[in-house]
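Report on the following structure.
Laboratory data are not the source of any read-out in this text; all were calculated from the coordinates shown. Worth saying up front: this structure is predicted, and the values here are computed from it rather than measured. Cβ atoms come from the backbone with ideal geometry, glycine included; neighbour counts cover every protein chain shown.
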Amino acid sequence: MAQTRFVYFTSCVDDDAEAIEAMVDASVEVAASTFRRRCDWREATELLGYDQCPPGLRLDTDDAVRFHKSRFRGYPCYYIVHSSIEYIFVHPEHRQALMMDEKEPVS
């Protein structure tokens, strides 16, 4: 059975500061390979412009980029820190609940 990849949801500049701070406070750093395995890598590279970069400059080898795992508004998430901006990826099943601004996950 194929694993569903987490997809982009929002960034810190487009969301609630309190929710972002809680996510960052609870996060653990993960390897780029973990993020790549769990999230939509193509979407991440396009979102951050790495698909337009010259050969050699890659998202997974950029020393200025960090990858994290945490919870966003109660839901599991992964996020990238790039230029001091958090780009948040969530499971597709949780997107709708988050869009409706539910504060706690459904049991």
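Some values worked out for this structure:
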item: Of all residues in segment 23-80 being aromatic (Phe, Trp, Tyr) and within 11 Å of the chain's Cα centre (by Cα), the one that is surrounded by the most Cβ atoms within 10 Å (Cβ to Cβ); result: TYR79
item: Residue that is nearest to MET100 (Cα to Cα) [pool: residues in segment 7-22 that are surrounded by 15 or more Cβ atoms within 10 Å (Cβ to Cβ) and among the small types (Gly, Ala, Ser)]; result: ALA19
item: Qualifying positions in segment 1-22 - aliphatic (A, V, I, L, M) and under 11 Å from the mean Cα position of the chain (by Cα); result: VAL7
item: Condition check for ASP62: free of Cβ contacts under 8 Å to residues at least 24 places away in the same chain and touching a helix residue (DSSP H, G or I) at 6+ places or on another chain (Cβ under 7 Å); result: no
